[in-house]
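Here is the structure we will look at.
The values are calculated or read from the model by the stated rules, or taken from the named source; none is laboratory data. What you see is a predicted model, and the numbers here were worked out from it, not measured in a lab. Quick reminder, even Gly has a Cβ in these numbers, built from the backbone with ideal geometry, and neighbours come from all protein chains shown. Note: accessible area is taken over every heavy atom of the protein model, side chains too, but ligands, DNA and RNA are not part of it. Shrake-Rupley method; radii C 1.70, N 1.55, O 1.52, S 1.80 Å.
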Amino acid sequence: MSEVRRLLPRPDIQSSATSVERLTERGFDHALSRISTMTSEDIIEEVSASGIKGRGGAAFPTGLKWSSVYKALGSEKYVVMNADESELGTFKDRVLLEQDPLGPLVGLLIAAHCVGARKAFCYIRGEYGEVEQNLADALEMLRMTGWVGPHSVEVEIRRGAGAYIAGEETALFNSIEGKRPEPRVKPPFPTQKGLWGSPTLIQNVETLANIAILFAHDVKWFKEYGTQDTAGTKLVALSGHIRRPGVYEVPFGTALTDILQKADLGGSITSGRSLGAVLLGGAAGTFLGPKEVENASLDYPSLNKAGASIGSGAMMVFDDTVDLSWVLTRMARFFAEESCGQCVPCRIGTRRILEIAESGNLRTRSQDLRELGQAMRDASICGLGQTAPVALLSVLDRPELMHD
Amino acid sequence: MATSVTLKVDGDSVTLPQGTTLREACEKADHPVPTLCWHENLTPANACRACVVEVKGSRTLVASCSRVAEDGMEVWTNTERVQNARKVVAELLLSTSDATLAPDLKDLAQASGASAERFRGGATWEQPVRVDNELYVRDLSKCILCYRCVEACGADWQNTFAIQVSGRGFDAHIDAGFGRELAESDCVFCGNCVAVCPTGALIGKTEWDLRNQGAWDEERISTTTTICSYCGVGCELKLHVLDNKIVKVTSPMDNPVSHGMLCVKGRYGYEFVQSEETLVPNS
Ligand SMILES: Cc1cc2nc3c(=O)[nH]c(=O)nc-3n(C[C@H](O)[C@H](O)[C@H](O)COP(=O)(O)O)c2cc1C
Ligand code: SF4
Ligand code: SF4
Ligand code: SF4
């Protein structure tokens, strides 16, 4: 299976990314008019029927989330686009917002309409200056056409200040509220108590783009691609030892080997070397060896067998010369620098992992690392600390990947 | 709506009012869980993770201090995963901070079989002591970042918001704003942060000095309860007396007037009591 263009516009599209023409050309004005005559229940039913799952990493069923926010009690409700994109090797939201910002924005407006929110936020990574401008231009156009504004939904852009943790949903709420971006304890979940204690729907950029194309068409169209388990397409961000690094849209179920090898996708490993490992899903992800890559496809059940998940869709490719202990050390540094410091297992655990990695003792201290890793997965407050040891443990479980 | 919930703790059934936390439920069921950052009069910070328990159906362990008990829950307080988490939490803290004046941490370490050495050898929080005023000292090498002081100074008690956590990851620390000395900060020296600090990282200057002279002796300290004479609120004071001198003033945490909280006068304005000068006879 080769590249598909649905979430991303066709390369030969003529209209400017933030223009009214683009709105029409992509069918987004149709989507907006279509939902304005639908009840919230009908919208939720269509989202559920499409099978869309969150693309920000956790793959939570989107229809279910909308339904809880819709049903939650509260006079104020909020919707949020999570464009903080700071996961290692992940740059697909950036490409999406560069090439077609109207998709995620229209998805956001549909979400607001559905759950009854009058106010929406786009929380964007601070370094994405040009992308933010593109988003602002698109918003301005939507304001002129009346889809955004005091009588429909107000949309505000908020800029992050350089913390990976601020992408975690509850830390992101604290950041919007002007507080330190420390994750909050869950439950209560954002669907019940999010921004300023009100029910809040937060979705990843790509999830919202899926919503827009779904309503621009219908469930049947949406399900033309994908698998029994997961319909639709996924953006993957390829980087590392790959001929054609970049963002590609492929149907769920595409063989990982195809993604790496096909001429219109990855185009094979660089310099004719063979594959050493793939880090799937970013820093919070899992390393897969060449055999596992051969047998897996981009789908949750298939990857589950290898103990992996799609995560954000990042695929970092390493050829067989790379020493993974070096990669693990860099990743350990990332977590140690990005931990918010709130809870003990993560604040101190990430530092100790870094120290052990830097001193070259990953293998000799594997028992200590396993116990530390287990405590971090079990007892950290948020996904950062819970996933910080995962890639490391995945390598300890695959000793053949470490050559030292 | 039901007003009570029934759940199982280590197999034993307990029935409690709705809104009870799992920590309380475990205590009621006689399977208490250890805590470090939790404090009876403060909002749970759920930061230390010593109180985690296993809850059926939950992927991760659950901080019992802040999780509300639900009908039909099944909770385990002593599984292998729980024991591992507690032990690692104690080991990580011991590898970073000076626990000499932290009884709860020492107890946790002892009970969980933690090895103080396992994760030692790397970076620590050792730093110079900050003695920048006459009322209390900040010896943050002892800090475990339990957030109690921040909460006491903030919305829970004092509403002064003089201190916060600053920096991130391993560099996170308690700060009075831009690294300032306390006298330069918004601090009003109520000492409520000192009252809740579980590690001696915040400690009264008098106690600090006496400890340094080797003269602080818990055995020889007696306590006297009285009412603060400064204003009409009527906070209960507990005077800690050594060698016939007041060396510290606290207020009982369960006192219905103060809830353990005082102002600068009640907590630190006791010198006049033992000043010789006031005894000059009227002429
Ligand atoms: C440390 C951390 C960082 C995260 N960063 C992002 C991010 O940059 N973008 C994002 O969409 N989700 C991020 N998430 C996931 C969000 O918490 C949340 O699950 C997501 O925004 C929900 O949207 P979705 O259901 O559409 O995926 C992060 C989670 C964690 C634990
Ligand atoms: S797990 Fe790490 S990032 Fe998350 S709350 Fe704890 S210290 Fe902060
Ligand atoms: S003494 Fe009072 S005002 Fe000063 S930091 Fe402590 S709690 Fe805050
Ligand atoms: S100074 Fe004391 S009360 Fe404050 S965080 Fe550190 S240990 Fe806790």
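Only a single criterion out of (1) more than 12 Å from ligand 4 (Cβ to nearest atom); (2) within 11 Å of chain A (Cβ to nearest Cβ) is not satisfied by B:I144, namely (1).
Selection of the stretch B:11-59 for residues being farther than 25 Å from B:E151 by Cβ, open to solvent by 60 Å² or more (accessible area, probe 1.4 Å) and of a type outside the set (S, T, N, Q) yields B:D12, B:D30, B:K56, B:G57, B:R59.
Residue by residue, here is whether (1) in a loop (DSSP other than H, G, I, E, B); (2) closer than 30 Å to B:C263 by Cβ holds:
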| position | (1), (2) |
| --- | --- |
| B:V53 | no, no |
| B:N78 | yes, no |
| B:R86 | no, no |
| B:D104 | no, yes |
| B:G121 | yes, no |
| B:E126 | yes, no |
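The listed residues are A:L172, A:L142, and the only one of them that is more than 15 Å from ligand 1 (Cβ to nearest atom), surrounded by 20 or more Cβ atoms within 10 Å (Cβ to Cβ) and in a helix (DSSP H, G or I) turns out to be A:L142. State whether the residues of the stretch A:348-359 include one that is within 24 Å of the chain's Cα centre (by Cα) and within 15 Å of ligand 2 (Cβ to nearest atom). Yes.
Applying the criterion of being crowded, with 24+ Cβ neighbours inside 10 Å and at negative phi to the residues of the stretch A:311-321, the residue that is nearest to the other protein chains (Cβ to nearest Cβ) is A:S312. Only strands (runs of 3 or more DSSP E) whose full extent lies in the stretch B:207-283 are considered here, and the ones with at least 3 residues that are surrounded by fewer than 13 Cβ atoms within 10 Å (Cβ to Cβ) are B:222-227. Contact map, the stretch A:375-389: first residue more than 10 Å from chain B (Cβ to nearest Cβ), second residue open to solvent by 10 Å² or more (accessible area, probe 1.4 Å) and of a type in the set (K, R), Cβ cut-off under 7 Å, separation 6 or more or different chains; pairs are A:P389/A:R377. Pairs linking a residue in the stretch A:322-350 that is at the interface with another protein chain (Cβ under 8 Å from one of its Cβ atoms) to a residue that is hydroxyl-bearing (S, T, Y) and assigned to a helix (DSSP H, G or I), with Cβ atoms under 6 Å and 6 or more positions apart or on different chains, are A:A336/A:T350; A:E338/A:Y164; A:S339/A:T350.
Is it the case that B:C146 is of a type in the set (A, V, I, L, M, F, W, C), more than 16 Å from ligand 2 (Cβ to nearest atom) and open to solvent by less than 40 Å² (accessible area, probe 1.4 Å)?
Details: of a type in the set (A, V, I, L, M, F, W, C): yes; more than 16 Å from ligand 2 (Cβ to nearest atom): no; open to solvent by less than 40 Å² (accessible area, probe 1.4 Å): yes.
The answer is no for B:C146.
You will find that of A:S15, A:S40, the residue that is in contact with an Asp or Glu (Cβ under 8 Å, 6 or more places away or on another chain) and open to solvent by less than 40 Å² (accessible area, probe 1.4 Å) is A:S15 and no other. Taking the stretch B:178-196 as the range and being open to solvent by less than 20 Å² (accessible area, probe 1.4 Å) and either within 12 Å of ligand 4 (Cβ to nearest atom) or within 17 Å of the chain's Cα centre (by Cα) (or both) as the test, the residues that pass are B:C190, B:G191, B:N192, B:C193, B:V196. Residues in the stretch B:17-37 that are more than 18 Å from A:P187 (Cβ to Cβ) and within 14 Å of another protein chain (Cβ to nearest Cβ): 5 in all. Checking the stated criteria, B:S166 turns out to be without any contact (Cβ under 8 Å) to a residue 40 or more places away in the chain, among the small types (G, A, S) and either closer than 26 Å to B:W38 by Cβ or away from ligand 1 (no atom under 16 Å from the Cβ) (or both). Scanning the stretch B:164-177 for residues being open to solvent by 20 Å² or more (accessible area, probe 1.4 Å) and within 9 Å of ligand 3 (Cβ to nearest atom) gives a total of 0. When the stretch A:183-200 is filtered for residues that are away from chain B (no Cβ under 12 Å), in contact with a helix residue (DSSP H, G or I) (Cβ under 8 Å, 6 or more places away or on another chain) and open to solvent by less than 50 Å² (accessible area, probe 1.4 Å), the ones remaining, listed by number, are A:P190, A:T191, A:G194, A:L195, A:P199, A:T200. All of A:L384, A:L298, A:L393, A:L328 fail the test of being under 23 Å from A:L260 (Cα atoms), under 23 Å from the mean Cα position of the chain (by Cα) and not assigned by TED's automatic domain parsing to the domain that holds A:G276, apart from A:L328.
Suppose we filter A:S48, A:S67 for residues that are open to solvent by 30 Å² or more (accessible area, probe 1.4 Å) and either among the basic types (K, R) or without any contact (Cβ under 8 Å) to a residue 60 or more places away in the chain (or both); which single one remains?
A:S48
If only residues of the stretch A:195-229 that are modelled with pLDDT of 95 or more and assigned to a loop (DSSP other than H, G, I, E, B) are counted, the one that is farthest from ligand 3 (Cβ to nearest atom) is A:E224. Evaluation of A:G194 against the conditions (1) more than 16 Å from ligand 1 (Cβ to nearest atom); (2) assigned by TED's automatic domain parsing to the domain that holds A:K92; (3) of a type in the set (G, A, S); (4) at negative phi shows that the sole unmet condition is (1). Do we find that A:R180 is within 16 Å of ligand 2 (Cβ to nearest atom), open to solvent by 10 Å² or more (accessible area, probe 1.4 Å) and among the basic types (K, R) in this structure? When the stated conditions are applied, A:R180 passes them.
Residues in the stretch B:48-92 that are more than 9 Å from every other protein chain (Cβ to nearest Cβ) and among the hydroxyl-bearing types (S, T, Y) were compared, and the one that is farthest from B:D107 (Cα to Cα) is B:S58. The residue list B:S97, B:S112 contains one member that is among the small types (G, A, S), within 10 Å of another protein chain (Cβ to nearest Cβ) and touching a helix residue (DSSP H, G or I) at 6+ places or on another chain (Cβ under 9 Å), which is B:S97. Can you pull out the residues in the stretch A:266-283 that are surrounded by fewer than 23 Cβ atoms within 10 Å (Cβ to Cβ) and either in contact (Cβ under 8 Å) with a residue 60 or more places away in the chain or under 27 Å from A:A209 (Cα atoms) (or both)? Result: A:G267, A:G276. For B:R168, indicate whether it is within 16 Å of ligand 2 (Cβ to nearest atom) and among the charged types (D, E, K, R). When the stated conditions are applied, B:R168 passes them.
Check whether at least one residue in the stretch A:120-133 is closer than 25 Å to A:E87 by Cβ, within 14 Å of chain B (Cβ to nearest Cβ) and under 19 Å from the mean Cα position of the chain (by Cα), and report yes or no. Before you say what the answer is, go through the steps one by one.
The first filter runs over the stretch A:120-133 and keeps only residues closer than 25 Å to A:E87 by Cβ, leaving A:120-133.
Now narrow it down to the ones that are within 14 Å of chain B (Cβ to nearest Cβ): none.
Within the stretch A:120-133, not a single residue is closer than 25 Å to A:E87 by Cβ, within 14 Å of chain B (Cβ to nearest Cβ) and under 19 Å from the mean Cα position of the chain (by Cα).
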